[in-house]
1. Net charge around ALA210, counting only other residues with Cβ within less than 14 Å of its Cβ (Lys, Arg = +1; Asp, Glu = -1)?
2. For the range 217-234, what does the Karplus curve 6.51 cos²θ - 1.76 cosθ + 1.60, with θ = phi - 60°, yield as ³J(HN,Hα) per residue in whole Hz, taken in order and with x for Gly and Pro?
3. Arranged from highest to lowest average of other beta-carbon atoms within 10 Å per residue, in what order do the peptides 215-223, 101-109, 55-63 appear?
4. Enter the angle in degrees (range 0 to 90, nearest 10) between the Cα long axis of helix 128-158 and the first principal axis of the Cα atoms of the chain, meaning the one along which they spread out most.
5. When P(r) over Cα pairs in 10 Å bins from 0, in percent is calculated directly from the model, which label among (i) 6, 28, 34, 20, 9, 3, 1, 0; (ii) 5, 19, 23, 22, 17, 9, 4, 1, 0; (iii) 5, 23, 29, 22, 14, 5, 0 fits?
6. Taking the Cα centre of the chain as origin, sum charge times position over the Cβ atoms of Lys and Arg (+1) and Asp and Glu (-1), and report the length of that vector in debye to the nearest 20.
7. Ordered by residue, what ³J(HN,Hα) values in Hz, to whole numbers, does the range 164-170 give under the Karplus form 6.51 cos²θ - 1.76 cosθ + 1.60, where θ = phi - 60° and Gly and Pro are x?
8. So which of LYS118/LYS282; LYS63/LYS337; LYS160/LYS282 end up more than 29 Å apart by C-alpha?
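Quick note: the coordinates plus some simple rules give every number you see, no bench work behind them. Predicted model, so just to flag it, every value in this text is computed and none were measured. We place every Cβ from the backbone using ideal geometry, glycine too, and count neighbours over all the protein chains shown.
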Amino acid sequence: MEYYVLLIVVVALIFDFINGFHDSANSIATIVGTRVLSPLAAVAWAASFNFAAAFVVGTPVAKAVAAGFVDLAVVDQNVIFGGLIGAIVWNLITWWFGIPSSSSHALIGGYAGAAMAKAGVAALTWGKKWIETLSAIVLSPLGGALVGFLLMAFVFNAFKNVRYATSDRFFRVMQLASSGALSLAHGANDAQKTMGIILALLVSSQAIFAGREGFFGMFHVESLDVVPLWVELSAYTMISLGTLFGGWRIVHTMGSRITKLRPVGGFCAETGGAVVILLASKLGIPISTTHTITGAIVGVGATTRLRAVRWGLASRIVWAWVVTIPASALMAALSYKLLAAFVHL
């Protein structure tokens, strides 16, 4: 059974890699869309800041994911595995069609769906974290849009007498900083979700590793209070590698199809997104980087004129957000049923 747990940890880290791959567009789309960096340079820049988050933020989001959504008494290896499969399948579907959906909500939806397939609605710990996360589906893009809009309005007024060429050069440099901040925020929030799933797996499997020494000894975790260092470093490494490989289909949608951006707009959108995501990470709220940066891009585009935003495309993206949790939950429930039929714990 210890090898089954090890397999699930590997699958969780594969999900983390896919998360970085799928969400790399969130970190680099604006800086690629404004042509400040080439795609290759942009993904290397973003991946570096994804990993740097390991040394900057704590683990409140990881602990929230581990215990805030599903009753740990219901959790077993098949629940975790089924949840991961559901989230991975949905991520790959949305990546293939170039839809910037939320890896975060796919993981939470998958985790909940697999748990409900085992124990019904009673498996969910309905309360603060569910309310915060579901509210964030609406509030994070609105927050990103508001901060992006206000920053853009401030910049328009502050630089109204500055020559365009001068301001453009300035914001090309500044966008390197804002893109790095957004990538750091992305790593801070998203890598912790995978940590939380692994932490829930290890705590629910503690009897398997009790008294073990050596390699399997590090899998013995009794409490949700502390995330093992190897789990943290593994999660940040995998999300960084995923970002390094990039998700070019979604880059095109996020970087140019929602609204046309210049370096000043890219700076304001990235800064707005980073502020909202880092605040949520500090509060232990697992939010969607995708939702937040999309809202920020829309907010920046709206400062020019409302018609500058391609609202038809934006509305289709919103629909993808709405269906992500139930779709990944359904896929995870089916995965759990298949696993339970063949893997008897």
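1. Net charge around ALA210: -2.
2. For the range 217-234, the Karplus curve yields x, 6, 8, 7, 10, 9, 9, 7, 6, 10, 8, x, 4, 5, 5, 4, 5, 5 Hz.
3. In descending order of packing, they fall as 101-109, 55-63, 215-223.
4. 20
5. Only one listed value fits the structure, namely (i).
6. For this selection, approximately 1620 debye.
7. Using θ = phi - 60°, the values come out as 4, 4, 5, 5, 5, 4, 4 Hz.
8. In this structure, LYS118/LYS282; LYS160/LYS282 lie more than 29 Å apart at Cα.
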